[in-house]
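Q: Input: one structure, supplied below.
The values are calculated or read from the model by the stated rules, or taken from the named source; none is laboratory data. Just so it is clear, the structure is predicted and the values come from calculations on it, not from any experiment. Reconstructed Cβ throughout: ideal geometry from the backbone, glycine too, with neighbour counts over all protein chains shown. What goes into the accessible areas is simple: the full protein's heavy atoms, side chains included, and nothing from ligands, DNA or RNA. Shrake-Rupley method; radii C 1.70, N 1.55, O 1.52, S 1.80 Å.
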Amino acid sequence: MHDSAYSKWLQAAIEQAEKSWAEGGIPIGSVLVDPSATPGSEPGSAGSDRIISRGHNMRVQSGDPTAHAEVVCIRNAGRRRDWNRLTLVSTLSPCPMCSGTAILFKIPRVIVGENRTFVGAENWMRGHGIEMIVLDDERCIALMERLKREKPDLWAEDIGE
């Protein structure tokens with residue numbers, strides 16, 4: 001894996017974040033990736049683009065307080081036995097609930113778009129052996145700064161304040 005793969009995966013997560021924002025929700029997106037997938041697979045399959053599932057924050061849209069982007073993404077992946085070789089990519093540092101989900105399923109790597117506007121349970125994940133990669137992406141920072149500026153009450157609700 002290298003930076004171009006990270007960039008592609010983060011772009012897919014950003015697209016999910018933008019989708020949530022366009023729906024009136026919180027602009028956080030996530031994708032679940034199989035970095036060991038075989039290139040050249042059938043188009044649209046997990047092997048062709050390596051993205052297993054996508055998700056975006058659906059708290060506002062669904063009224064479900066647990067519908068964070070990472071949880072929605074993992075739900076969308078369905079039942080699996082290969083969690084231990086997958087990578088979770090999120091536009092924002094995962095909160096304790098989302099981090100706990102990654103820990104529960106033994107996802108070995110989490111790529112974070114940014115953690116300037118919010119630092120989740122990164123140390124907890126590291127303590128469980130999860131490799132944390134923070135990209136400090138300006139696009140992700142801009143998404144969260146816009147939410148905090150334009151909808152501060154929604155942001156406070158999302159982080160439990």
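Q: Considering only residues that are assigned to a helix (DSSP H, G or I) and either in contact (Cβ under 8 Å) with a residue 40 or more places away in the chain or hydroxyl-bearing (Ser, Thr, Tyr) (or both), look in the stretch 133-156 and name the one that is surrounded by the fewest Cβ atoms within 10 Å (Cβ to Cβ). Quick ask: steps written out before the conclusion?
A: Here is the first cut: in the stretch 133-156, the ones assigned to a helix (DSSP H, G or I) are 138-150, 152-156.
Filter once more, so that each one left must be either in contact (Cβ under 8 Å) with a residue 40 or more places away in the chain or hydroxyl-bearing (Ser, Thr, Tyr) (or both): 139-140, 143-144, 146-147, 154-155.
Numbers: Arg139: 15, Cys140: 27, Leu143: 25, Met144: 23, Arg146: 12, Leu147: 23, Leu154: 15, Trp155: 17.
Once the filter is applied, the top-ranked residue is Arg146.
Q: Could you tell me whether the stretch 109-117 includes any residue that is open to solvent by less than 20 Å² (accessible area, probe 1.4 Å), out of contact with any helix residue (DSSP H, G or I) (no Cβ under 8 Å at 6 or more places or on another chain) and either assigned to a loop (DSSP other than H, G, I, E, B) or over 17 Å from Leu10 (Cα atoms) (or both)?
A: No, the conditions are met nowhere in the stretch 109-117.
Q: Inspect all residues belonging to the stretch 77-89 and state whether any of them is touching a residue at least 24 places away in the same chain (Cβ under 8 Å), within 18 Å of Gly120 (Cα to Cα), surrounded by 18 or more Cβ atoms within 10 Å (Cβ to Cβ) and in contact with a Gly (Cβ under 7 Å, 6 or more places away or on another chain).
A: Checked the stretch 77-89: no residue is touching a residue at least 24 places away in the same chain (Cβ under 8 Å), within 18 Å of Gly120 (Cα to Cα), surrounded by 18 or more Cβ atoms within 10 Å (Cβ to Cβ) and in contact with a Gly (Cβ under 7 Å, 6 or more places away or on another chain).
Q: Moving to a separate point now. Name every residue in the stretch 16-27 that is of a type in the set (A, V, I, L, M, F, W, C) and open to solvent by 10 Å² or more (accessible area, probe 1.4 Å), in order of residue number.
A: Once the filter is applied, which keeps residues that are of a type in the set (A, V, I, L, M, F, W, C) and open to solvent by 10 Å² or more (accessible area, probe 1.4 Å), the stretch 16-27 yields Trp21, Ala22.
Q: Within the set of pairs 6+ apart or on separate chains, which have a first residue in the stretch 10-22 that is touching a residue at least 60 places away in the same chain (Cβ under 8 Å) and under 13 Å from Val33 (Cβ atoms), a second that is part of a helix (DSSP H, G or I) and among the charged types (D, E, K, R), and C-beta atoms under 9 Å apart?
A: Listed by first residue and then by second, the contacts come to Leu10/Arg139; Ala12/Asp49.
Q: Taking the stretch 120-132 on its own, how many of its residues are modelled with pLDDT of 95 or more, surrounded by 15 or more Cβ atoms within 10 Å (Cβ to Cβ) and not acidic (Asp, Glu)? Please lay out each step first, then the result.
A: The initial filter retains those residues of the stretch 120-132 that are modelled with pLDDT of 95 or more, namely 121-132.
Cutting the leftovers down to surrounded by 15 or more Cβ atoms within 10 Å (Cβ to Cβ) gives us 121-122, 124-125, 128, 130, 132.
From what's left, not acidic (Asp, Glu): 121, 124-125, 128, 130, 132.
Result for the stretch 120-132: 6.
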